[in-house]
Amino acid sequence: MHNQRIAIFDFDETIVKVQSADKFVDFIRSESDLLSPKILEIIRKFLIRFKFFHYLNKIIKNNNYHKRLKLYQIRGITKNEINLFAKKYYEDELKDSLILDVIHQLEIKKKEGFRIILLSGGYSSYIKFFAKDFSIDENDVIATDIEINSENKCTGFIKGIDCMGVNKILKLKNMLGGFKDFNLEKSFAYSDCQTDLPILKLVGNGFVVQNKFQKWIKENGLKLILWE
């Protein structure tokens, strides 16, 4: 059967107006009053200032060291605490940042029988609460996972691969078992970012979510959802 249609939604700056991953770490730090990671944050900002991550990512592709050093700041937080913080983060911070035009598209696609897939470099810890709010199967959340050790504590590392760039296609293909059972020509994808072009062009209907027009949208034959 090749007629199942999917609607793929990025999360950061597509469903919500913010980049959510680093803000989640900041939220945990503020809520738990962690002291020791402040030194790591000072180091991280110093490295950003002198473009260390910019040059490092040019040498070693698909490794967001800026994001990884940020995540390391919550090392030792328990799995249960992360879950509680994630729910509060979604409720207190992200719900007010939803892009309503995209939410409207998501609801339409659900009614039309599309399988909704959330595909994001944000952390699955809090994206799953958005999924629950909008009756999306948690198994259809493809995001970056935080590694938890045998003591049920955060190691400060990403579990598996970071769901960014080409890794998005890899994780999507792995979760779906390939694309042979799907009608990609009649499927949809929504993202704000040019690095998601492989996802936007995988399907017949690619939509870019932006608050301003950018030349690459038209050049790639994509449609625009413009939000204020």
Note down all Cβ pairs under 7 Å where the first residue falls in region 116-140 and is within 25 Å of LYS186 (Cβ to Cβ), the second is open to solvent by 60 Å² or more (accessible area, probe 1.4 Å) and part of a strand (DSSP E or B), and they're at least six residues apart or on different chains.
ASP140/ARG115
Just for region 163-212: of the residues that are open to solvent by 30 Å² or more (accessible area, probe 1.4 Å) and among the basic types (Lys, Arg), which one is nearest to the chain's Cα centre (by Cα)?
LYS171
Considering only region 185-228, state which residues are in a helix (DSSP H, G or I) and in contact (Cβ under 8 Å) with a residue 60 or more places away in the chain.
LYS186, ASP196, ILE199
Any residue in region 63-72 that is touching a strand residue (DSSP E or B) at 6+ places or on another chain (Cβ under 8 Å), aromatic (Phe, Trp, Tyr), open to solvent by 40 Å² or more (accessible area, probe 1.4 Å) and modelled with pLDDT of 80 or more?
yes
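For LYS215, are the conditions met, namely being farther than 26 Å from ASN80 by Cα and either open to solvent by 80 Å² or more (accessible area, probe 1.4 Å) or not hydrophobic (A, V, I, L, M, F, W, C) (or both)?
On the way: farther than 26 Å from ASN80 by Cα: yes; either open to solvent by 80 Å² or more (accessible area, probe 1.4 Å) or not hydrophobic (A, V, I, L, M, F, W, C) (or both): yes.
Spelling it out, LYS215 is indeed farther than 26 Å from ASN80 by Cα and either open to solvent by 80 Å² or more (accessible area, probe 1.4 Å) or not hydrophobic (A, V, I, L, M, F, W, C) (or both).
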Residues of region 124-160 that turn out to be in a loop (DSSP other than H, G, I, E, B) and crowded, with 17+ Cβ neighbours inside 10 Å, as a count
1
Can we say ASN149 is more than 20 Å from the chain's Cα centre (by Cα) and closer than 22 Å to ASN3 by Cα?
no
Scan ILE127, ILE82 and give me the residue that is under 28 Å from ILE6 (Cβ atoms), at pLDDT 95 or above and among the hydrophobic types (A, V, I, L, M, F, W, C).
ILE127
Subset of region 76-109 [under 14 Å from LYS153 (Cα atoms), surrounded by 17 or more Cβ atoms within 10 Å (Cβ to Cβ) and over 18 Å from the mean Cα position of the chain (by Cα)]
ILE77, GLU81
Which of the residues belonging to region 3-22 are in a loop (DSSP other than H, G, I, E, B) and hydroxyl-bearing (Ser, Thr, Tyr)?
THR14
Looking at GLY113, GLY76, which one is within 25 Å of ASN205 (Cβ to Cβ) and either in a helix (DSSP H, G or I) or touching a residue at least 24 places away in the same chain (Cβ under 8 Å) (or both)?
GLY113
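The values are calculated or read from the model by the stated rules, or taken from the named source; none is laboratory data. Everything numeric in this text was worked out from a predicted model, so none of it was measured. In this analysis, Cβ positions are derived from the backbone assuming ideal geometry, glycine residues included, and neighbour counts consider all displayed protein chains. Just so you know, the surface numbers come from the protein's heavy atoms only, side chains and all, with ligands and any DNA or RNA stripped out. Shrake-Rupley method; radii C 1.70, N 1.55, O 1.52, S 1.80 Å.
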